[in-house]
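For reference, the structure discussed in these notes is given below.
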Amino acid sequence: MIFTELRFVALFLGCWISFFAVPRRFRAAVLASWGAAFYAIYAGWFFLAVVALVIVAFFSGSRWVAWIAGLATVALLVYFKASLLVPLGFSYLAFELLHVIIERRRGRIAELALVDLFAFIFFAPARIAGPIKRYPAFVAAVRDAEPSSANVYAGLLRILLGLAKKFFLADVLALTVAERAYVSSTKHAWIIILAFSLQIFFDFSAYSDIAIGLARTLGIALPENFRAPYFARNIREFWDRWHITLSHWVRDYVFTPVGRTLFRTSLRKTPAVIAVISYVVTFTIVGAWHGLTPAFLLWGVYHGALLSLYHVVRLKTPASIADRPWYGGRAARAFGVAFTFLCVTIGWVPFMLPLPKAAKFLALMFGAAR
Amino acid sequence: MKRRLLFLLLWLVLFDRAVPRLLDAAERRHYEGTTVFRFENSDLFGLGPFVDYLREHPRHERRRVVFFGNSMLFGYFLAPEQAIPAQYQRFAGDARVYNAAINGQELGTGYLVGKDILDDVDVLYVQVIGETANPLLPSLIPVSDADLLRFDLERPERAERRLQSWLGRVWQMYRVNYRMQAALFGTSARIYVYMHKRDLARLFHVRTLQPESFPPANGGISLRAPRRPGVAPVPTERRRIMGDLARLARARGKRVVFIEFEWDNSPHDDAEVGAFNAAFAPSAEIVIVRLPKSLTIDGEHPIPAAAAQIAEALARHEREAAR
């Protein structure tokens, strides 16, 4: 875990001290310098490629440059996702860069300073595993950051929470997940996938906690990434609580544009079809973002299908049922939470295993002999 | 908030002063006690702290016998007290027997660990299988540059090592946290929690690797250590590694016993083994343990009765060698 490596800790301490030691106007430069040093150490030669991408993105005010920067970023992302050897944090970095390029073209980022852009892209705490930041909010947070013992204390507590989640929960659950190599029965398979369901949450949210905690010690608020996702009452709510910064990113830059484009076609008479296509396309991209393998794509399509199904069922539920008191009652909500958790947990199988093994594992979960 | 931060810092400083004494007590109980010594869950974690402890405590009241190998010696499928090293303890008088075997380890790992602890043990048993060394080894035990090259291992990141060493000098708990976990839990804290979770799994009747019962012993194992002076064949890399450890044992007045298991379908060349033994005995010796398939659980790993027979044969051979 990079967060616990002393090289990272030393770099962050250096960054923290100099961040508050320099006048406010140089803070972005401090973050950019330390962040660049961090990325150069951990990502090696790829650091130079990112510098080039950032410089091109800086000139994305011009339409052609924006296209070149966007396509180059996507091409690199696809290339690395296909080879499954992605340089440190590039999945997150690429989406942040695309956000800057798109928002620049949309005119929502009026002023773009190169030093701010470098600080945004190389901000070390969020460079390892997110959260996926937004440029305007980040620049404002850096500008307004105040040194305070309350922030340091709250940040340290959040870091401790993350470390505890990682080492005492996620890493222990990972050992149960490793039993998949000799899964022996239906009951064993269900225990393993339940363990994986919890492990992936504790592991990923731990990284987010540490990133948010580190940033908090600097007085910078990063966006939250998880909000008790396994207590979601339906799959749509789940995606509002799970990897929030990613789901908001695909909502803004994939789902909405795809839906808007389809609405300009003859499909506008059937909005449910537009929603289904938008969900499936969006979540196929979410699957591909995790890795260009059949298993990840299947996981994405599965979630697209679940969201589509939820959308259609919700549309088609007659008011005579939806208006009944039990429909929104406590029991219905508990059922919703349990059913959503079950659907999400079954979906983790292709996330955990490559496709042929995932198929065997699913068969075992549902009673087929090994 | 400032007061809370200062309180936290003060607590860390005070606790740190007590760490060496706490570690000493925990390690004495763990390494010098009477309970069966085996790495929990057969993980590498305990190896570094084990080597560190032996190197820091070279003088000992009881004879030290260390077994190093793979799942055969670890006792895969077996409870700690059923494995070969634990059964050997019954024939070894007051010697402290350590089962330092780890599933999947090969001769290269045994050689590097053996080099590090040879001065601090009386008899070292090394199982002969494969030649490679575990890639994680350089981050666990001291490995020389020449050995890094020989076993194609990567040097741990230098800047990280330097920072760790520096921080370890000012923060005791940081320096000894692996050793403390190994001494308290026999493994890492996470493996310990996992092992206890497995107890919970048994409660729910989830099948685990440990068979409910073992077949009865049918037939017997045999042990031989041929010693025939003659022209030694051109040594393989495996024999070169063994020869290097044997020369080291001779130079330091120690004894290394290499265990080679022989199954029905893998007969050994006694002439070649005999030439090695003639060259290095009594400082180092190869013993061939023949294990009939009928005495194995899965065609490879011994049932408890066979482990007991192997342990007794090794102990008997050791007594004869001492004479």
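Tell me, which residue of region A:156-170 that is within 11 Å of chain B (Cβ to nearest Cβ) and touching a residue at least 60 places away in the same chain (Cβ under 8 Å) is nearest to A:F361 (Cα to Cα)?
The selected residue is A:K166.
Each row is one residue, and each column tells you yes or no for (1) outside any helix (DSSP H, G or I); (2) more than 19 Å from A:E96 (Cβ to Cβ).
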position: A:K187; (1), (2): no, yes
position: A:L198; (1), (2): no, yes
position: A:F202; (1), (2): no, yes
position: A:I210; (1), (2): no, no
position: A:I220; (1), (2): yes, no
position: A:F255; (1), (2): no, no
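Pick out the one residue from A:Y153, A:Y92 that is part of a helix (DSSP H, G or I), within 14 Å of chain B (Cβ to nearest Cβ) and either touching a Pro at 6+ places or on another chain (Cβ under 7 Å) or hydroxyl-bearing (S, T, Y) (or both).
On inspection, the qualifying residue turns out to be A:Y153.
It is to be established whether one or more residues within region A:199-220 are within 14 Å of chain B (Cβ to nearest Cβ) and farther than 30 Å from A:G35 by Cβ.
The answer is no, given that none of the residues of region A:199-220 is within 14 Å of chain B (Cβ to nearest Cβ) and farther than 30 Å from A:G35 by Cβ.
How many residues are in contact (Cβ under 8 Å) with a residue 12 or more places away in the chain and in contact with a helix residue (DSSP H, G or I) (Cβ under 7 Å, 6 or more places away or on another chain) if we restrict to region A:51-62?
7
What number goes with the only condition from (1) surrounded by fewer than 16 Cβ atoms within 10 Å (Cβ to Cβ); (2) within 25 Å of the chain's Cα centre (by Cα) that A:R63 does not pass?
Against the list (1) surrounded by fewer than 16 Cβ atoms within 10 Å (Cβ to Cβ); (2) within 25 Å of the chain's Cα centre (by Cα), A:R63 comes up short only on (2).
Residues that are assigned by TED's automatic domain parsing to the domain that holds A:F255, modelled with pLDDT of 90 or more and aromatic (F, W, Y): find the helices (runs of 4 or more DSSP H) completely inside region A:277-370 holding 2 or more of those.
A:294-316, A:330-352
Quick one: B:I129 ticks every box in (1) closer than 19 Å to B:F39 by Cα; (2) modelled with pLDDT under 95; (3) touching a Leu at 6+ places or on another chain (Cβ under 8 Å) bar one, so which box is it?
(1)
Report, by residue number, each residue of region B:148-177 that is more than 9 Å from chain A (Cβ to nearest Cβ), surrounded by 14 or more Cβ atoms within 10 Å (Cβ to Cβ) and among the polar types (S, T, N, Q).
Passing the criteria: B:Q172, B:N177.
Checking the condition modelled with pLDDT of 90 or more, buried (at least 22 other Cβ atoms within 10 Å of the Cβ), within 14 Å of chain B (Cβ to nearest Cβ) and farther than 18 Å from A:A211 by Cα, which residue from A:L173, A:L97 passes?
From the options A:L173, A:L97, the qualifying one is A:L173.
Hey, can you tell me all the residues within region A:106-143 that are outside any helix (DSSP H, G or I) and of a type in the set (G, A, S)?
A:G107, A:A110, A:A113, A:A129, A:G130 - these are the residues of region A:106-143 that are outside any helix (DSSP H, G or I) and of a type in the set (G, A, S).
Among the residues of region B:299-320, is any surrounded by 18 or more Cβ atoms within 10 Å (Cβ to Cβ), outside any helix (DSSP H, G or I) and of a type in the set (D, E)?
Within region B:299-320, none of the residues are surrounded by 18 or more Cβ atoms within 10 Å (Cβ to Cβ), outside any helix (DSSP H, G or I) and of a type in the set (D, E).
Kindly provide the set of residues from region B:62-113 that are farther than 20 Å from B:R238 by Cβ and polar (S, T, N, Q), ordered by number.
B:Q82, B:Q87, B:Q89, B:N99
Give the residues of region B:25-40 that are part of a helix (DSSP H, G or I) and crowded, with 20+ Cβ neighbours inside 10 Å, sorted by residue number.
Answer for region B:25-40, where residues must be part of a helix (DSSP H, G or I) and crowded, with 20+ Cβ neighbours inside 10 Å: B:E27, B:H30.
With respect to the numbered conditions (1) assigned by TED's automatic domain parsing to the domain that holds A:E103; (2) surrounded by 19 or more Cβ atoms within 10 Å (Cβ to Cβ), which one is the sole condition not fulfilled by A:A137?
Checking A:A137 against (1) assigned by TED's automatic domain parsing to the domain that holds A:E103; (2) surrounded by 19 or more Cβ atoms within 10 Å (Cβ to Cβ), the one that fails is (2).
Condition (residue is within 14 Å of another protein chain (Cβ to nearest Cβ), among the polar types (S, T, N, Q) and assigned to a helix (DSSP H, G or I)) applied to region A:225-246: is it met by at least one residue?
No, every residue in region A:225-246 fails to be within 14 Å of another protein chain (Cβ to nearest Cβ), among the polar types (S, T, N, Q) and assigned to a helix (DSSP H, G or I).
Of everything in region A:99-128, what is under 14 Å from A:V56 (Cβ atoms), out of contact with any Phe, Trp or Tyr (no Cβ under 8 Å at 6 or more places or on another chain) and among the aliphatic types (A, V, I, L, M)? Give them in sequence order.
If the condition is that a residue be under 14 Å from A:V56 (Cβ atoms), out of contact with any Phe, Trp or Tyr (no Cβ under 8 Å at 6 or more places or on another chain) and among the aliphatic types (A, V, I, L, M), then A:I101, A:I121 are the ones that fit.
Looking at B:A133, B:A146, which one is free of Cβ contacts under 8 Å to residues at least 60 places away in the same chain, aliphatic (A, V, I, L, M) and in contact with a Ser or Thr (Cβ under 8 Å, 6 or more places away or on another chain)?
None of the other options fit; the residue is B:A133.
Quick test of your reading of the structure: B:F67 fulfils all but one of (1) more than 14 Å from every other protein chain (Cβ to nearest Cβ); (2) surrounded by fewer than 19 Cβ atoms within 10 Å (Cβ to Cβ). Name the failing condition by number.
(2)
Here is a list of conditions, (1) free of Cβ contacts under 8 Å to residues at least 24 places away in the same chain; (2) closer than 16 Å to B:Y194 by Cβ, and A:K187 meets all of them except one; can you say which number that is?
(2)
The values are calculated or read from the model by the stated rules, or taken from the named source; none is laboratory data. All figures in this text were calculated on a predicted structure; none of them were measured in a lab. Please note: Cβ atoms are built from the backbone with ideal geometry, for glycine as well, and neighbour counts cover all protein chains shown.
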